[in-house]
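One structure is given here, and the rest of the page talks about it.
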Amino acid sequence: MELLLDLIERGGWVMYPILLCSLAGLGLTLERLWALRKARVVPRAFLFSVSRLLDQRQYEQAAFLSQAEDSAAARLVKLALKLGGRRRSLFKDAMEEAGRRESAELSAHLGALNLVASISPLLGLLGTVSGMISAFNSIAAQGNGNPGLLAGGISEALLTTAAGLCVAIPVLVIHRALLSRAESLTGELEDLASDLQEALAAPESA
């Protein structure tokens, strides 16, 4: 802890927004890891039970089961059961609109996580430039007889660049991983919507 406080003090004021970026990245990561759990989006046990009930045409039981479940898949099933018997085109449009809402929910806050990854190294660079300006101003004021003063000033200035990169690199990797996970879950929801359309939508001529 003392080492961290010492680094923040040596790095200057820019270390504080970099620290805030690291806390924001951690918070967003934990929130998205919770939100993108497969059990919360496409629970396997629920899908198995609903599929069995739909195959047996037990729609009331399937609706009851969906009401008791809080997941993206359950919301799609509930909507599909309400739309049951409608023409395929109307069914498809309604399910696609619901799918877009669920997809937006899955990718929520990922843009903010990407922003943290983008802005952290820029803050580090700003701190480095600001620190080097201060170092050269000190050299100009005291003369150029002490190269150690310049080296020490540059060393401290570069701390902010290192800190910014230490925040940006893991956050960027996490963002890509979570984005891939969100896309995978969105694909599973699309497959579910397609299966529900085949099971519950009426032919276009109906």
*asked:* What do you get for the angle between helix 15-35 and the principal long axis of the chain? Use alpha-carbon atoms, 0 to 90 degrees, nearest ten.
replied: 20 degrees
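Please compute the length gained on full extension between LEU20 and GLU188, using 0.36 nm multiplied by the number of residues separating them and subtracting their Cα-Cα distance. Don't skip to the answer; put the middle values down first.
Working: separation 168, 0.36 × 168 = 60.48 nm, distance 3.51 nm.
Answer, rounded to one decimal: 57.0 nm.
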*FRET efficiency for LYS82 and SER118, using Cβ-Cβ distance with R0 set to 45 Å, rounded to 0.05*: 0.60
*Taking 0.36 nm per intervening residue step and subtracting the Cα-Cα distance, what contour gain separates GLU105 from ARG40 on full extension?*
22.2 nm
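Could you list CYS166, CYS21 so that the one with the fewest beta carbons within 10 Å of its beta carbon is first and the one with the most is last?
Arranged by neighbour count, lowest to highest, CYS166, CYS21 become CYS166, CYS21.
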*Backbone N within the stretch 188-204 under 17 Å of label point (7 Å from SER89 Cα along the Cβ vector)*: 201-204
*By how many degrees, 0 to 90 and rounded to 10, does the Cα axis of helix 110-142 deviate from the longest principal axis of the chain?*
0 degrees
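For a Förster distance of 41 Å, can you work out the FRET efficiency between the beta-carbons of ARG10 and VAL173, rounded to the nearest 0.05?
Details: r = 27 Å, r/R0 = 0.66.
In this case the efficiency is close to 0.90.
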*Calculated from the structure, P(r) over Cα pairs in 5 Å bins from 0, in percent equals which of [x] 1, 6, 14, 17, 17, 15, 11, 8, 6, 3, 2, 0, 0; [y] 1, 7, 13, 12, 11, 9, 7, 7, 6, 6, 5, 5, 4, 3, 2, 1, 1, 0, 0; [z] 1, 8, 16, 20, 20, 17, 10, 5, 2, 0, 0?*
[y]
*Top positive-direction residue, dipole computed over the stretch 13-200 with Cβ charges, set LEU36, SER180, ALA140*: LEU36
*Treat every Asp and Glu Cβ in the chain as -1 and every Lys and Arg Cβ as +1, leave all other atoms uncharged, and give the resulting dipole magnitude about the Cα centre to the nearest 20 debye.*
440 debye
*How far apart, in nm, are two points set 7 Å out from the Cα along the Cα-to-Cβ line at SER138 and at LEU125?*
2.5 nm
*What angle do you read, to the nearest 10 degrees and between 0 and 90, between the alpha-carbon axis of helix 2-11 and the longest principal axis of the chain?*
70 degrees
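Every number in this text was worked out from the coordinates using simple rules, so none of it is lab data. Keep in mind that what you see is a predicted model, and the values were worked out from it rather than measured. Ideal geometry is used to build each Cβ from the backbone, glycine not excepted, and the neighbour counts take in all protein chains shown.
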